[in-house]
Amino acid sequence: MPPSPADLARRLLVDCDCPLPVPDGGGDHPALAWRRAGLMAATGREDGPALMCPAALTLSADAALLALAALAPPDAPLPPHGALLLGERARLMGLQRGGAMSANRSCRLIAAADGYFALNLAREEDRDLLPAWLEADADGWDGVAREARLRPAADLVARGIEMGLPIALAAAPQPAPAPWLRRRGAGPIRAAGGNRPFVVDLAPLWAGPLAGSLLAMLGADVVKVESLARPDGARLGHAGFFDLLNGGKRGVALDFRSGEGRAALRRLVARADIVIEGSRPRALAQLGVDADEAVANGAIWVSITAYGREGAAADRVGFGDDAAVAAGLAQAMAAGWGEPMFAGDAIADPLTGLHAALAAWAAWRRGEAGLIALSLAGTTAHAMRAGIAQGDLLAEWQAMAERDGAPLYPPRAPFAPARALGADTAAVLASC
């Protein structure tokens with residue numbers, strides 16, 4: 001039997017130094033939750049049946065939401081299920097399973113001479129790097145597959161990382177992964193916002209904005225800060241999904257190329273009770289923003305990276321699908337279903353967003369400033385510790401999901417449409 005979401009939630013609260021009681025219940029069996037979250041449609045071969053994920057990731061998501069609810073004000077409008085958040089982008093966008101192709105088709109599992117790796121070409125500039133990376137005339141997926149078959153996976157991944165490609169070895173699940181969060185405390189919070197923390201959300205795409213959205217549900221005043229020159233790329237995606245993640249936040253847009261814009265950013269950070277960011281450390285340093293300085297001044301700083309904040313991992317690029325492969329999810333699928341495949345839709349992102357919100361709010365409740373670091377790969381590896389079904393047990397889970405006739409979880413509605421780019425810049429800056 002898998003552990004209960006309540007048991008996992010209690011462990012998460014201990015990890016956050018907030019050991020509070022959590023009532024039993026709070027989630028469906030992982031086989032039922034995977035189907036009811038709409039995730040089976042995004043799992044399996046492109047021309048095959050919808051499949052269960054062997055890893056009980058919905059348990060981890062439900063547990064993180066239960067732990068957050070234990071810390072939340074009694075009337076906080078939190079989602080009813082953590083698992084719901086794992087599948088809502090795929091449902092909104094109608095994404096479908098692709099086997100060795102991610103649900104959004106930007107990431108693929110590639111067979112090398114001795115194993116598999118994931119390559120994510122979500123950015124056009126990464127396609128331009130393919131010939132130099134492979135040192136061959138390869139400008140598309142067919143060329144990558146042809147060249148990769150001749151070379152060791154580790155060599156290809158090492159060179160890709162060096163060139164800044166989002167790439168990862170298809171690793172086996174870790175029996176004892178590193179802790180899901182790293183904390184470095186620095187004394188009491190400044191609490192400039194009183195009972196309502198002022199949150200500066202600098203993060204793009206999915207994980208960080210989801211964390212900010214959950215904090216807004218808890219009552220925080222969340223300001224989404226974007227670059228005028230390079231706004232959050234998710235604005236160009238599905239409008240309804242962008243609203244889900246960013247509705248209810250005020251919007252600030254700054255010209256980070258100008259001294260005035262960088263100075264305004266530093267003022268916002270100096271006022272923040274909580275900062276959420278998803279950048280490589282050197283990117284913020286170039287803007288004159290220093291996490292350690294903000295923490296020393298009494299802020300909670302939440303750093304979300306793809307693979308870690310320390311050492312060589314700090315400059316490594318990654319997204320939700322390749323990070324999940326690095327955590328062992330594709331290999332868990334291979335062990336269960338005979339070949340490496342993607343499971344769900346960029347699932348490392350919503351898992352990390354949930355856990356980031358929990359860690360940030362727990363620090364606020366404790367009254368402790370500090371740096372909180374999470375990675376997409378590390379959070380997913382930790383979430384997989386909830387259990388991995390194989391053999392007869394996986395077949396039982398698959399049968400449970402196929403027999404289940406309950407409706408899918410009702411989709412969420414956003415608080416409000418997301419604010420237009422920079423809609424509240426003048427008002428927010430005036431308050432700083």
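The values are calculated or read from the model by the stated rules, or taken from the named source; none is laboratory data. Computed from a predicted structure; not experimentally measured. We place every Cβ from the backbone using ideal geometry, glycine too, and count neighbours over all the protein chains shown.
Select the helices (runs of 4 or more DSSP H) contained entirely in the stretch 105-177, then report the ones holding at least 3 residues which are touching a helix residue (DSSP H, G or I) at 6+ places or on another chain (Cβ under 9 Å) and of a type in the set (Phe, Trp, Tyr). Result: empty, no element qualifies.
Restricting the stretch 243-260 to residues that are buried (at least 17 other Cβ atoms within 10 Å of the Cβ) and touching a Leu at 6+ places or on another chain (Cβ under 9 Å) leaves a set whose member that is nearest to residue 360 (Cα to Cα) is 245.
Of all residues in the stretch 49-59, one or more are modelled with pLDDT of 95 or more, of a type outside the set (Val, Ile, Thr) and part of a helix (DSSP H, G or I). The residues in the stretch 346-392 that are closer than 22 Å to residue 51 by Cβ and within 11 Å of the chain's Cα centre (by Cα) can be counted, and the count is 7.
Which one of these is in contact with an Asp or Glu (Cβ under 7 Å, 6 or more places away or on another chain), surrounded by fewer than 24 Cβ atoms within 10 Å (Cβ to Cβ) and more than 19 Å from residue 164 (Cα to Cα): 267, 271, 366?
Just one listed residue meets the conditions, 366.
The residues of the stretch 102-158 that are closer than 25 Å to residue 349 by Cα and of a type in the set (Lys, Arg), listed by number, are 105, 108, 123, 127. Scanning the stretch 332-346 finds no residues that are among the acidic types (Asp, Glu) and either within 14 Å of residue 276 (Cα to Cα) or touching a strand residue (DSSP E or B) at 6+ places or on another chain (Cβ under 6 Å) (or both).
Name the one entry in 22, 14 that is out of contact with any helix residue (DSSP H, G or I) (no Cβ under 9 Å at 6 or more places or on another chain) and of a type outside the set (Lys, Arg). It would help to see each step written out before you state the result.
On the way: 22 fails: out of contact with any helix residue (DSSP H, G or I) (no Cβ under 9 Å at 6 or more places or on another chain).
That would be 14, the only listed residue that is out of contact with any helix residue (DSSP H, G or I) (no Cβ under 9 Å at 6 or more places or on another chain) and of a type outside the set (Lys, Arg).
Within the stretch 360-368, none of the residues are in contact with a Cys (Cβ under 8 Å, 6 or more places away or on another chain), of a type in the set (Phe, Trp, Tyr) and on the phi < 0 side of the Ramachandran plot. Name the pairs whose Cβ atoms lie under 8 Å apart, with the first residue in the stretch 278-297 and part of a loop (DSSP other than H, G, I, E, B), the second among the aromatic types (Phe, Trp, Tyr), and 6 or more positions between them or separate chains? Matching pairs, first to second residue: 287/256. Within the stretch 389-398, one or more residues are free of Cβ contacts under 8 Å to residues at least 24 places away in the same chain, surrounded by fewer than 21 Cβ atoms within 10 Å (Cβ to Cβ) and among the hydrophobic types (A, V, I, L, M, F, W, C). Would you mention how many residues in the stretch 27-44 are assigned to a loop (DSSP other than H, G, I, E, B) and either buried (at least 22 other Cβ atoms within 10 Å of the Cβ) or in contact with a Cys (Cβ under 8 Å, 6 or more places away or on another chain) (or both)? Summing the residues that are assigned to a loop (DSSP other than H, G, I, E, B) and either buried (at least 22 other Cβ atoms within 10 Å of the Cβ) or in contact with a Cys (Cβ under 8 Å, 6 or more places away or on another chain) (or both) in the stretch 27-44 gives 6.
If you go through the stretch 392-432 and keep only what is aliphatic (A, V, I, L, M) and in a loop (DSSP other than H, G, I, E, B), you end up with 406, 408, 413, 416, 418, 420, 421, 423.
Can you confirm whether the stretch 148-161 contains a residue that is more than 21 Å from residue 106 (Cβ to Cβ), of a type outside the set (Ser, Thr, Tyr), out of contact with any Cys (no Cβ under 6 Å at 6 or more places or on another chain) and surrounded by 20 or more Cβ atoms within 10 Å (Cβ to Cβ)?
If we filter the stretch 148-161 for residues that are more than 21 Å from residue 106 (Cβ to Cβ), which is where we start, we get 149-152, 154-155, 158.
Filter once more, keeping what is of a type outside the set (Ser, Thr, Tyr): 149-152, 154-155, 158.
In the following step, the residues that additionally are out of contact with any Cys (no Cβ under 6 Å at 6 or more places or on another chain) were identified as 149-152, 154-155, 158.
Imposing the further condition that a residue be surrounded by 20 or more Cβ atoms within 10 Å (Cβ to Cβ) reduces the set to none.
The answer is no; no qualifying residue exists.
Kindly indicate the residue of the stretch 399-432 that is under 30 Å from residue 338 (Cα atoms), free of Cβ contacts under 8 Å to residues at least 60 places away in the same chain and not charged (D, E, K, R) and also surrounded by the most Cβ atoms within 10 Å (Cβ to Cβ) among those meeting that condition. Filtering the stretch 399-432 for residues that are under 30 Å from residue 338 (Cα atoms), free of Cβ contacts under 8 Å to residues at least 60 places away in the same chain and not charged (D, E, K, R), the one surrounded by the most Cβ atoms within 10 Å (Cβ to Cβ) comes out as 399. The test for being part of a helix (DSSP H, G or I), among the charged types (D, E, K, R), touching a residue at least 24 places away in the same chain (Cβ under 8 Å) and more than 26 Å from residue 271 (Cα to Cα) holds for residue 322. Here 212, 240 are screened, and the one residue that is surrounded by 21 or more Cβ atoms within 10 Å (Cβ to Cβ), small (Gly, Ala, Ser) and assigned to a helix (DSSP H, G or I) is 212. For the stretch 325-364, the set of residues classified as in contact (Cβ under 8 Å) with a residue 24 or more places away in the chain and outside any helix (DSSP H, G or I) consists of 328, 339, 340, 341, 342, 343, 344, 345, 346, 347, listed by residue number.
Can you name the residue in the stretch 219-231 that is touching a residue at least 24 places away in the same chain (Cβ under 8 Å) and surrounded by fewer than 23 Cβ atoms within 10 Å (Cβ to Cβ) and, of all such residues, is farthest from residue 300 (Cα to Cα)? Explain how you work it out, then say what you get.
The initial filter retains those residues of the stretch 219-231 that are touching a residue at least 24 places away in the same chain (Cβ under 8 Å), namely 219-229, 231.
So of that shortlist, the ones also surrounded by fewer than 23 Cβ atoms within 10 Å (Cβ to Cβ) come out as 219, 221, 226-229, 231.
Working: 219: 16, 221: 14, 226: 20, 227: 22, 228: 25, 229: 27, 231: 24 Å.
Going through the qualifying residues, I end up with 229.
Scanning the stretch 369-393 for residues that are at pLDDT below 95 and under 24 Å from residue 203 (Cβ atoms) returns no hits.
I want to confirm something. Restricting to the stretch 326-346 and keeping residues that are out of contact with any helix residue (DSSP H, G or I) (no Cβ under 8 Å at 6 or more places or on another chain) and aliphatic (A, V, I, L, M), which single residue is nearest to residue 377 (Cα to Cα)? Checked the stretch 326-346; the qualifying residue nearest to residue 377 (Cα to Cα) is 333.
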